[in-house]
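Structure below; questions to follow.
The values are calculated or read from the model by the stated rules, or taken from the named source; none is laboratory data. If you're wondering where the values come from, they're calculated on a predicted model, not measured in any experiment. Every residue, glycine as well, gets a Cβ built from its backbone with ideal geometry; the counts of neighbours run over all protein chains shown.
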Amino acid sequence: MRTGKIRPGYSHCSTHMIFDIKMDGSFTRKARLVADGHKTRPPTSITYSSVVSRDSVRIALTIASLNSLHVSACDIGNAYLNATCREKLWTVAGPEFGSDKGSVMIIARALYGLKSSEAAWRSTLAQTMEIMEYRPTQMCGQSEHQKRMALHTTK
């Protein structure tokens with residue numbers, strides 16, 4: 001049974017839980033709420049998010065090595081959840097929500113499975129890097145798309 005009110009302009013999106021055990025020596029258990037975004041209409045906002053190619057990474061690492069530059073890398077856990085959801089969606093809480101089971105809930109974060117989550121995360125990361133005073137590299141004679149895909153450098 002559903003409880004709660006649905007806001008006008010919001011679409012329904014079902015969700016499900018994914019459970020995983022990592023074979024990392026300690027058998028870390030993970031649970032992830034995933035949206036069934038394939039069942040929703042595509043949002044009007046941009047959903048494309050570029051992915052760096054292996055060749056681009058190799059070139060960047062070669063340039064860093066030739067110039068004796070330090071290279072750092074990181075893995076951001078639950079990255080999508082750091083971005084807000086661009087789509088107006090609601091779902092019904094399942095049994096994993098305990099006493100809230102059956103409640104209508106607004107999806108506020110960019111869940112895995114949503115069509116706009118990658119673009120929302122990329123935008124959040126770019127804004128954060130800009131706040132930290134990183135700036136996109138200046139590239140002459142290249143398209144706007146190529147400029148957006150450029151590496152970020154300090155000012």
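Just the residues that are assigned to a helix (DSSP H, G or I) and not small (Gly, Ala, Ser), please, taken from the range 82-127.
Listed by number, the residues that qualify are 82, 95, 96, 97, 100, 118, 121, 122, 124, 125, 127.
Would it be correct to say that residue 52 is of a type in the set (A, V, I, L, M), closer than 22 Å to residue 7 by Cβ and either modelled with pLDDT under 85 or surrounded by 15 or more Cβ atoms within 10 Å (Cβ to Cβ) (or both)?
So residue 52 fails the test.
Before we move on, is residue 59 over 20 Å from residue 126 (Cβ atoms) and modelled with pLDDT of 90 or more?
yes
For the range 77-88, does any single residue satisfy the condition of being closer than 28 Å to residue 6 by Cα, of a type in the set (A, V, I, L, M) and modelled with pLDDT of 90 or more?
yes
Further question: Answer yes or no as to whether residue 96 is crowded, with 18+ Cβ neighbours inside 10 Å and either more than 24 Å from residue 14 (Cβ to Cβ) or not aliphatic (A, V, I, L, M) (or both).
Numbers: crowded, with 18+ Cβ neighbours inside 10 Å: no; either more than 24 Å from residue 14 (Cβ to Cβ) or not aliphatic (A, V, I, L, M) (or both): yes.
No, not satisfied.
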